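Just so you know, all these numbers are worked out from the coordinates, no wet-lab data involved. Note that this is a predicted model, so its numbers are computed, not measured. FYI the Cβ positions are ideal-geometry reconstructions off the backbone, even for glycines, and counts take in every protein chain you see.
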Amino acid sequence: MSSPPPFDPSSYGELMRGLFHKVRLDTFETYDDPRCNITAVTMEAFTVTLPRLPAGTSVEETYERLMDASMQLAADGMKRVRDGSGPYEVHLVPLVSLYGPRLGELDEELLPWLVAVDGLPRKERAVFRAIAHLGWTNVRTAELLDRSEGWTSKLMTRARFLLTRAGVSVEELQTSFFDIEIERRKDKE
């Protein structure tokens, strides 16, 4: 019995546009650890999976196979981080990229706030995202960044100051993160 013809490469671009953001977001929602480079994992999942798809594979089946590959790659990467057997750096997917498609459903005020967070200096952005967006403690954030708790506390204070100066209501933004998470979980049900 012969194997089915390979997936038509001319449809790769369409699949990338249609599924990349969804696979990346769904992977992020499971592996929301900044030590996991979700964008690189998603790209690798596409690189590994698409050439192996048989012709006629539905979009739904393609999504499932991409998610299987993406989740396995993310799990393998996080295992190396936890075991200390692989180097890592902090990777932050821009909030506008993560929540952009959902902004139509959200308060219009949120988009410029997300842009302001994405525009913070790298260290302040990492600390703010870990504490305010992911809900991590100062202790866990300090461990992630291999710094002292005082250092992360200082950067969080600076991030709050910079955001407030940019017109962001930090408390409302943190509440919005919570609201987005509730909506995301409802969508999953």
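Structure values in brief
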| item | result |
| --- | --- |
| Sparse-neighbour loop sites [GluC sites (Glu not before Pro); region 24-64; at most 11 other C-beta within 10 Å; DSSP] | none |
| Label-point gap, in nm, between Val59 and Glu109 - each point 7 angstrom along Cα→Cβ | 3.6 nm |
| Gained length - Asp146 relative to Thr164, 0.36 nm times residue gap less alpha-carbon distance | 3.8 nm |
